[in-house]
1. Can you give me the % of accessible surface on region 2-123 that is carbon or sulfur? Probe 1.4 Å, all protein chains present, nothing else counted.
2. What is the Cα centroid distance between region 46-97 and region 223-258, reported in whole angstrom?
3. Give me the percent of accessible area attributable to carbon and sulfur for region 289-423, probe 1.4 angstrom.
4. Average the reciprocal distances over every distinct pair of alpha-carbons in region 226-368, invert the result, and give the Kirkwood radius in Å.
5. Tell me the Kirkwood radius of region 64-190: reciprocal of the mean inverse pair distance over distinct alpha-carbon atoms, in Å.
6. So which trypsin sites (Lys or Arg not before Pro) in region 1-92 pass both tests, a DSSP loop state and at most 11 other Cβ atoms within 10 Å of the Cβ?
7. Suppose every Lys and Arg Cβ carries +1 and every Asp and Glu Cβ carries -1, with no other charges. What dipole size does region 2-123 come out with about its Cα centre, to the nearest 20 debye?
8. Using 12 Å as the cut-off for backbone N distance, which residues of region 1-39 belong to the label zone defined by a point 7 Å from the Cα of SER72 along Cα→Cβ?
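The values are calculated or read from the model by the stated rules, or taken from the named source; none is laboratory data. Small disclaimer: the values here were computed from a predicted structure and weren't measured. Cβ coordinates were reconstructed from backbone atoms using ideal geometry, including for glycine residues, and neighbour counts include every protein chain displayed. Calculation scope for accessible area: heavy atoms of the full protein, side chains included, ligands and nucleic acids excluded. Shrake-Rupley method; radii C 1.70, N 1.55, O 1.52, S 1.80 Å.
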Amino acid sequence: MIVGVAQGKLNLLPIHILDLIPESVKQEFSGEAGQLKIVFVNSPLERIVLAGLGKKFNLEATRRILGKAISSLDKAVSKVGLYATGLEDYLEDLLVISLISNYQYSHKKNKQVKELTEIVIVADKEPSQDVFKRSAAVANGVVIARDLANAPSNLMTPKSLAAAAKKVAKEIAGLSCKIKGLPELTKENFGALLAVSQGSHQEPQLIEMSYKHPQAKRRIALVGKGVTFDSGGINIKPTPGMEEMKIDMAGGAVVVGVMAAIAQLDLPLEVIGIVPATENMPSGAAIKPSDIVRSRSGLTVEVANTDAEGRMILADGLDYAKEFKPDEIIDLATLTGAALVAFGHERAALVGNNKKLNQLMIDAGERSGEGVWQLPLDNDYRTHVKSEIADVKNLGEGRNAGVIAGAAFLEKFIPKDTPWAHLDIAGPAIKSKPRSYESRGGTGWGVRLLVEYLKSLN
Ligand code: BES
Ligand code: ZN
Ligand code: ZN
């Protein structure tokens, strides 16, 4: 059983638990934030994991120590108790964390299964069945996003991503999914998506998921970057780190995960999830630096760098999203290394065109623990993506303001009066080592943020 202990408050635990804890542990365990102590006990509980919550309650600190506690359990553990007295208000959130903390992506023949199948809550009042269902829905969304993002590009082609989205939609009531392949994309002039995909043997796909609650008053479009492998194209990436580019569809994976979660949560909204999916490869057929392509919107794009492919496929995805006349558009993309330079793996960069939406995203970030930080976009920056020969250039001023240049490009494809938020998740989408409730590799970062945001619209 995992027992959260506020600093200096160990003695407030019920006597039947306290009695199981040796005196030496009572002496040494202060309950300082982040402190963890496993006590093997001679009782049906088997072991008690004391988790320090610190002096002042902090939800994110509690999530992190819980994640640490769960991931520290050995692989055979399938049932865990949560001593949640005093934490009743945060139960749904903490259950989500419990369910995602022991995630593992593995293709080993003898994969060690480490799955929690049972969580027992000890609290002052009986938690509702609803809490379990709702937390399972969000955790499931995160796991979907992680599985999709972690799959290597030979197993996660644009077609397999589309098939995975179809499968998710089929399994969840109220969710539907439509796919456009090469013939439709060609006929419907998805010129920028097609240009990026032309160097690859894999057929591009446009994934469109939809969910509509009968009482929906608001229509939201989510657009996610679905580059299943980003080699850089003719502007090929250097060897170190190229293998990480299997993750370049993380934005799309988050969109699929969020769609799954909100349909299961039955949120009173209408949400369209759009994922343009393609590989970015070098070949004799690939786009080349200096090429000019006509995007679906009709705007022409100067391809200054074939490695700035994400914004091109999003251009067509965002333009397609317009057809649904959404009240707002949110896009997620592992768009720039510059976002990683600016914020590390800790936060996503936010650029938007609407103060209210920006603030709501920032607030949802604080509540969910998936934080975002806003960067500006004004005319000075808009000039960065001006092209002399096309309507827009897919590159800014070299290394300068890379995140904002990406956003300035995307903005060209957003209707002027539609609130829009762009999340550059290149940092937090992938972790080189596990951290508390986040797995190594694809983190599913953004699912909890967006679910939190969408919930707040009720
Ligand atoms: N997928 C990359 C961005 C990326 C980098 C994601 C590191 C995750 C980790 C993107 O397509 C890219 O290559 N961006 C270029 C843009 C540049 C050419 C304007 C970059 O950031 O270097
Ligand atoms: Zn790229
Ligand atoms: Zn990319």
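1. Numbers: 3320 of 6550 Å².
Looking at region 2-123 in its full context, I get 51 percent from C and S.
2. That distance is 33 Å.
3. Numbers: 2690 of 5670 Å².
Its accessible area is 47 percent carbon and sulfur atoms.
4. By the Kirkwood definition, the hydrodynamic radius is 16.9 Å.
5. 17.2
6. Those satisfying the criteria are LYS56, LYS75.
7. 540
8. Under 12 Å, as judged by backbone N against the label point of SER72, lie 2-5, 29-39 of region 1-39.
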